[in-house]
Structure formats: C-alpha cells, structure tokens
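A.B. asks: Sharing a structure below in structure tokens format, with a few things to ask.
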Amino acid sequence: MIKLHDKYFEQYISEEKIREAVISLAKQVEEDHKDETPLFIGILNGCFLFVADFIREYSAPCEISFLKLASYHGTSSTGKVKQLVGINEDLTGRTVIILEDIIDTGNTLEELHRIFADKNLKELKTATLFLKPDVYQKDLPVDYVGMEIPDDFIVGYGLDYDGLGRNLASIYKLTTPRKMTNIVLFGPPGAGKGTQAEILKDKYNLVHISTGDVFRYNIKNETELGKLAKTYMDDGNLVPDEVTISMLEAEVNKNAEAQGFIFDGFPRTESQAVALDKFLETKGSQINGMVALEVPEDLLVDRILERGKTSGRTDDQDVSKIKNRFEEYNTKTAVLKDYYDAKDEYYGVDGVGSIEDITGRLSNVIDSL
C-alpha cells in the first residue's frame, strides 16, 4: 500500500502483467498494419510510459506524435475535454492510431474523433491499455484493448492522482485502509510489559510482537535475518537498526489480517520509531499511542531481584547489572518519551499495584484511543 497526498492505494496490476498486455497490443496492431506506416498519436500526459514501451515492441515502420488534452481533476473526470496542444502533421490519407493509457467514459475519445473528423484520414483507430467497460458511454469503436478493468480509480505506469504516482512501475487502485489499533507498550526493565501485553492482546484481539521473541525465532530457525543478526551478536556488537526493523516488518507482514499490534521492546531508539512510522504508513496505519508503565526504580530493583530467584537469569540476580540496565534505558530508550510526547501520543500509566489494577488503567487509555 502507498499514500499519495491524502489517499491510499493498494497494488492492483503487476509490472509483469502490464508488460504482457503491452506486448500483446503491439503485436496485434503490427499484424494488422504491416503493409503501411501508421501514425501513432499518444494522448498526454498519462500515456508516455505506455507509448514508449509500445513503440519498442512495434518492429514495423511507424511514426509517432502526441496530443495533449485534459479531463481529470483529482480522482474524477470533469466531463469536459479541452485540447491543449495540437499536431502539425499532414494527415491526408494516413492511418492514425490513437494510443490511450485508459478509456473510461469515452469523453476524451469522442473529442479525439471530433478533432480528426476533417483531417481526411484513411482510417482512425484506437488502442488503449485499459478500458472500463462498465462506464464506457459511447458508440465509438475501441479497436484494441490491453485489459478490461472495473471502474476503480488507478494510478501508476503514467497515471496520476493530482500529479503523483506516474512513476510507479505497477498499477495501484484507490482503497480505504482498514482501521487498526497499534500500541507501543513502554516501560523500564521489570515494569511488567510482557505480562500486560499477553493480557491486552487477548482483550483487544491484537498481535503481540516482542523484539526478544522475534530475535529468538529468527536465530533458532536460521532465517537469513536471524543468521545476519547472530553474526553481530557473536562479535559482541549491537544488531543494526535496519536488521531489527526488517525482522519486525516481516512479523507484521506475516499477520496481514491483524486488528492491530502491541509492540513490546520496539522501538528502542528515535530512529527506530521514525522507521516504524514510515513502515506503518505504507499499510495505511500508524501508532495510536505509546502507553508507558511508570514505576519507581527502587521498586523495580526489588521486583527484578525477586524474579531472579526463579528466572535463572544472572542479570536478574546482580544489583550492579540491574542498575546498568536502568542506565541504558534512561540514556537511550527513555528519549522516546519526548518523541511521542511531541506528537501527543505519549500516555503514562501508574505501573504500581495488582496486575488487574494495572490492566484496568492501561485499558482506559487504549479505549480512549
């Protein structure tokens, strides 16, 4: 999915399918006109990619010119076609073939027939890459059609939405993004993020994505990203942001039908937060809020030491190591509070009390989002 101006578009027709249609059109037209030199007239602006690819596939003699008209504003046709730039060739006795990127209502095609009516042509034909038969309103023939499509607004391969999208290799159609709830669950070591995430994912039908779990899965299953991450970890280095982000993106993509996500342990830095925002935007979504569990540090130290009696983690049993983890959290990760606060997306929640009480506070915030 992509965003152009204020609207979202999802991939619709692949680059490969477009190429197949262009080749088929060129061969059909060439077979019918191999004994003459037709004049192809491309209708700007949208046709420029189609015309370029069509001509490369057309191996017989031909000439090419262009005509510019306008009938679209935004995502709808104005119904009025204005000739902006004409042609200067003498067309007497010539076969002229109009090359259109798309034909919908047929208003542009009707205007073209009017323009060429007094040019003493031998023949006037039309080849279009896309035709919308459901809305085509004219009796004029469309001689060659690459693909018939429904009445969807499309962009890409020369077609635009208010100037954007022409450079896309594939065709995208206008869509309404599915509403999702995406939460960054935040808090220092020992704050209880994992426990609360498990409860909240079931309550709100969300997918819980834990950075630790994702790393362990990729390393254990020896995925390409997992093997790459392990090379850094084995050398005692931090895994680069781009590797971590790629793992998280793959996890989101695996759950394409999810109602939303709880991100636990990610993002850890502002650069990761920016990357997450950009990635979700391609899905037509966003982070609804960072919900942070706020717990006094001395209480957290006691919690972790208590957990260390059963967790088996050595870093849960050494006060100095616990303090180092808080130091890293406060100097690196806590800056995210400022990032989300600046966007009015930071929500601090008292993390002291029973699990049920804390869940209730978190739920109040999520309900408000």
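A.B. asks: Please compute the net charge surrounding residue 44, taking Lys and Arg as +1 and Asp and Glu as -1 over other residues with Cβ under 10 Å from its Cβ.
C.D. replies: Every neighbour counted, the sum reads 0.
A.B. asks: If I ignore ligands, DNA and RNA and count only protein heavy atoms, how much of residue 257 is accessible to a 1.4 Å probe, in Å² to the nearest 10?
C.D. replies: Looks like 150 Å² after rounding.
A.B. asks: Here is a further query. Which of the lysines could be linked to residue 122 by a straight reach, that is with a Cα gap under 16 Å, when you skip same-chain ones fewer than 8 residues away?
C.D. replies: 34
A.B. asks: With all protein chains present and a 1.4 Å probe, how do 329, 232 order by accessible area, largest first?
C.D. replies: Sorted descending by solvent-accessible area, the residues read 232, 329.
A.B. asks: Related question: Would you be so kind as to identify which of 236, 296, 44 lies farthest towards the positive end of the dipole of the chain, taking Lys and Arg as +1 and Asp and Glu as -1 on Cβ and the Cα centre as origin?
C.D. replies: Working it through, the farthest residue towards the positive pole turns out to be 296.
A.B. asks: Show me the three semi-axes of the equivalent ellipsoid for the stretch 134-292, from the C-alpha gyration tensor (sqrt of 5 times each eigenvalue), largest first, rounded to whole Å.
C.D. replies: 41, 20, 14
A.B. asks: Over all directions, average the projected area of the Cα convex hull of the stretch 1-76 and note it in nm².
C.D. replies: Directional mean of the projected Cα hull area for the stretch 1-76 stands at 6.3 nm².
A.B. asks: Continuing with this model, one more query. What is the local net charge at residue 200, summed over the other residues whose Cβ is closer than 15 Å to its Cβ (Lys, Arg +1; Asp, Glu -1)?
C.D. replies: On the way: positive: 193, 201, 203, 361; negative: 198, 202, 264, 356, 357, 367.
Here the count lands on -2.
A.B. asks: Roughly how many nanometres apart are two label points built 7 Å out from the Cα toward the Cβ at residue 139 and residue 298?
C.D. replies: Placing both labels 7 Å along Cα→Cβ, they lie 9.2 nm apart.
A.B. asks: What is the angle, in °, between the Cα long axis of helix 270-282 and the longest principal axis of the Cα atoms in the chain? Nearest 10 is fine, range 0 to 90.
C.D. replies: 40
A.B. asks: Now for a different question. Need one value: the accessible area of residue 350 in square angstrom, 1.4 angstrom probe, rounded to the nearest 10.
C.D. replies: 80
A.B. asks: Still on this structure: Grab the Cα-Cα distance for residue 3 and residue 311, subtract it from 0.36 nm times how many residues apart they are, and report the gain in nm with one decimal.
C.D. replies: Details: separation 308, 0.36 × 308 = 110.88 nm, distance 4.55 nm.
Gain in length upon complete extension: 106.3 nm.
A.B. asks: If you count only protein heavy atoms and use a 1.4 Å probe, how large is the accessible surface of residue 319, to the nearest 10 Å²?
C.D. replies: Rounded to the nearest 10, that gives 70 Å².
A.B. asks: In what order, largest first, do 62, 47 sit by accessible area if the probe radius is 1.4 Å?
C.D. replies: Descending order: 62, 47.
A.B. asks: How much of the DSSP beta bridge set in the chain is antiparallel, as a percent to the nearest 5?
C.D. replies: Working: 17 of 57 bridges.
The antiparallel proportion sits near 30 percent.
A.B. asks: On to the next question. Between (i) 24.3; (ii) 18.7; (iii) 19.7, which matches mean projected area of the Cα convex hull in nm² calculated for the structure shown?
C.D. replies: Read-out taken from this structure: (i).
A.B. asks: So, one more: Please state the charge dipole magnitude for the stretch 213-369, taken about the Cα centre, from unit charges on C-beta atoms (+1 on K and R, -1 on D and E), reported in debye and rounded to the nearest 20.
C.D. replies: 420
A.B. asks: Same structure again: Can you tell me the 0 to 90 degree angle between the C-alpha axis of helix 107-116 and the longest principal axis of the chain, rounded to 10?
C.D. replies: Approximately 30 degrees, to the nearest ten.
A.B. asks: Would you rank 210, 14 by solvent-accessible area, highest first, keeping every protein chain in place and using a 1.4 Å probe?
C.D. replies: The ordering from most to least exposed comes out as 14, 210.
A.B. asks: Taking the Cα centre of the stretch 1-72 as origin, sum charge times position over the Cβ atoms of Lys and Arg (+1) and Asp and Glu (-1), and report the length of that vector in debye to the nearest 20.
C.D. replies: 360
A.B. asks: Quick check: the distance between the Cα centres of the stretch 208-232 and the stretch 249-280, to the nearest angstrom?
C.D. replies: With the stretch 208-232 and the stretch 249-280 each reduced to a Cα centre, they are spaced 15 Å.
A.B. asks: I'd like the orientation of helix 48-57 relative to the chain: the angle between its Cα long axis and the longest Cα principal axis, in ° from 0 to 90, rounded to 10.
C.D. replies: Here the helix axis deviates by roughly 70 degrees.
The values are calculated or read from the model by the stated rules, or taken from the named source; none is laboratory data. Only a predicted model underlies this, so the values are computations on that prediction, with no experimental measurement involved. Backbone-built Cβ (ideal geometry, glycine too); neighbour counts: all protein chains shown. Just the protein is used for accessible areas: all its heavy atoms, side chains included, with ligands, DNA and RNA removed. Shrake-Rupley method; radii C 1.70, N 1.55, O 1.52, S 1.80 Å.
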